[in-house]
Amino acid sequence: MRQIEVTVNGKQEKIEVRPSETLLEMIREKLHLTGAKEGCGMGECGACTVIMNGVTVNSCLVLAVEADGKSIVTVEGVGSKEKLHPVQQAFVEHSGMQCGFCTPGMIVSGTYLLKKHPQPTEQQIREGIAGNFCRCTGYTKIIESIGAAAGNMSEGGES
């Protein structure tokens, strides 16, 4: 076991992790943040997407020890129960989810995209979620949701 220090959703944590433990396992099992999902365990589906030091990563591919000293944002840290992030709100309003399994990864990826490109084109949205696989929606409503969030954010001055 090895102790690491990591900031998760703005909260400093000291956590004992196994050398082989993934960031996803640590987030779900030790911190009980269950938004990120394990879909494939091979970095192909994006259901486990989180932001680590300002970049999206598939948390199933990152060892927890690699997160030592880093900042992690999970879907739970994107918004709050009291105030949804505009991307979360747009997913609700524009039916951007069906079964919901891919939704946390899509929201994290959409949030990251809008920080980089506040007014993305449809092509940029498609590229921004390219690492996230959805088996249900056909992506149309997801793309619409992220586009609507961009519009809402620019009107409200949010980021």
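Quick check on the stretch 109-128: of everything there that is touching a Ser or Thr at 6+ places or on another chain (Cβ under 8 Å), closer than 18 Å to VAL73 by Cα and not aromatic (Phe, Trp, Tyr), which residue is surrounded by the fewest Cβ atoms within 10 Å (Cβ to Cβ)?
Ranking the candidates gives LYS115 first.
Kindly list, by first and then second residue, each pair from a residue in the stretch 54-78 that is in contact (Cβ under 8 Å) with a residue 60 or more places away in the chain and of a type outside the set (Asp, Glu) to a residue that is surrounded by 22 or more Cβ atoms within 10 Å (Cβ to Cβ) and assigned to a loop (DSSP other than H, G, I, E, B), limited to pairs with Cβ atoms under 6 Å and residues at least 6 apart or on different chains.
These pairs meet every condition: ASN58/CYS48; THR74/ALA36.
From GLY105, GLY100, which residue is among the small types (Gly, Ala, Ser), closer than 21 Å to THR34 by Cβ and without any contact (Cβ under 8 Å) to a residue 60 or more places away in the chain?
Residue meeting the stated conditions: GLY100.
Listed here are the residues, each with its yes/no results for (1) under 13 Å from the mean Cα position of the chain (by Cα); (2) in the same structural domain as TYR139 (by TED's automatic domain parsing); (3) under 25 Å from GLY138 (Cβ atoms).
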residue	(1), (2), (3)
LEU31	no, no, no
ALA47	yes, no, yes
ALA64	no, no, no
VAL108	yes, yes, yes
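The values are calculated or read from the model by the stated rules, or taken from the named source; none is laboratory data. Because the structure is predicted, anything quoted here is derived from the model rather than measured. Please note: Cβ atoms are built from the backbone with ideal geometry, for glycine as well, and neighbour counts cover all protein chains shown.
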